[in-house]
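The values are calculated or read from the model by the stated rules, or taken from the named source; none is laboratory data. All values reported here derive from a predicted model rather than from experimental measurement. Note that we place each Cβ from the backbone using ideal geometry, even for glycine, and neighbour counts take in every protein chain shown. To get the accessible areas, we keep the full protein, side chains included, count just its heavy atoms, and leave off ligands, DNA and RNA. Shrake-Rupley method; radii C 1.70, N 1.55, O 1.52, S 1.80 Å.
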Amino acid sequence: MIIKDLYFVNESIRDKEVRLIGADGEMIGVMSSRDAQRLADEADLDLVKISPNAVPPVCKIMDYSKFKYEQAKRDKENRKNQTVIEIKEIRLSMTIDVGDIAVKTKQCLKFLEAGNKVKVSIRMKGRENARSYQGVKVMQDFFENLEGKAVQDKKPTTEGRNIIMMLSPAKA
């Protein structure tokens, strides 16, 4: 794992004056960066610029390798806790039969129980474009079959040759 070096350390700090924070967290005060570096060397620690945009920039005396390790540990923990929500798609047709709707409903419920969002779409062909209201009715019937286990994020709308509805899992 690679952590980007976002901090200036030791001799790479080129500012004339810095506001220094000690290793124990107490404010030492404003001094030249050379004096701050000397104090860090005496404590056998690193001088790290933690707030470069402040006037004067804020530097802290700390063990930089330990700081980088703890930062990497925190980042790894945050990545482990985050969940990725996928958008699954279910395609219906305007002339779908009751049995087929039951199969599609069961598949949609599996997606919703897994915590995914579901995009339900109907692609209209030929004369079906003139009767888009029938496709919206099919979508509404499909949504009613989900028995309150889904919430409509986006109601069925006609977009060109498609009718699209977005669903997400209902809160328990």
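Assorted remarks:
- Entries in 110/149; 137/171; 125/154; 16/49; 88/117 that, when Cα-Cα distance is taken, lie over 18 Å: 137/171; 125/154
- Beta bridges per DSSP, both residues in the chain: antiparallel share near 75 percent.
- Solvent-accessible area of residue 109 with every protein chain in place, 1.4 Å probe, in Å² to the nearest 10: 30 Å²
- Spatial separation of Cα centroids for the range 118-145 and the range 28-57, in angstrom: 66 Å
- Cα lying deepest toward the dipole's positive end in the range 15-134, options 20, 105, 33, charges on Cβ: 105
- Check: the chain dipole with +1 on Lys, Arg Cβ and -1 on Asp, Glu Cβ, in debye: 1240 debye
- C-alpha long axis of helix 33-42 to longest principal axis of the chain, angle in °: 80 degrees
- Model label zone, residue 26; criterion: amide N under 18 Å from point 7 Å along Cα-to-beta-carbon; scope the range 41-62: 41-45, 59-62
- For residue 104, the solvent-accessible surface computed with a 1.4 Å probe is close to 70 Å², ligands and nucleic acids excluded.
- Longest site-free stretch - the chain; sites: GluC sites (Glu not before Pro), DSSP loop, at most 12 other Cβ within 10 Å: 87-146
- Solvent exposure of residue 19, expressed as accessible area, is near 80 Å², computed with a probe of 1.4 Å over the protein chains only.
- Taking only protein heavy atoms and a 1.4 Å probe, the accessible area of the range 56-167 is 50% carbon and sulfur.
- Annotation: Cα Rg of the chain relative to the compact-globule expectation 2.2 N^0.38 Å equals 1.91.
- Taking all protein chains together and a 1.4 Å probe, the residues 158, 95 rank 95, 158 from largest to smallest accessible area.
- Karplus-derived 3J(HN,Hα), 6.51/-1.76/1.60, for each residue of the range 81-88, Hz, glycine and proline x: 7, 7, 10, 9, 9, 9, 10, 9
- Taking only Cα atoms of the range 94-157, radius of gyration then Dmax in Å: 12.2, 37
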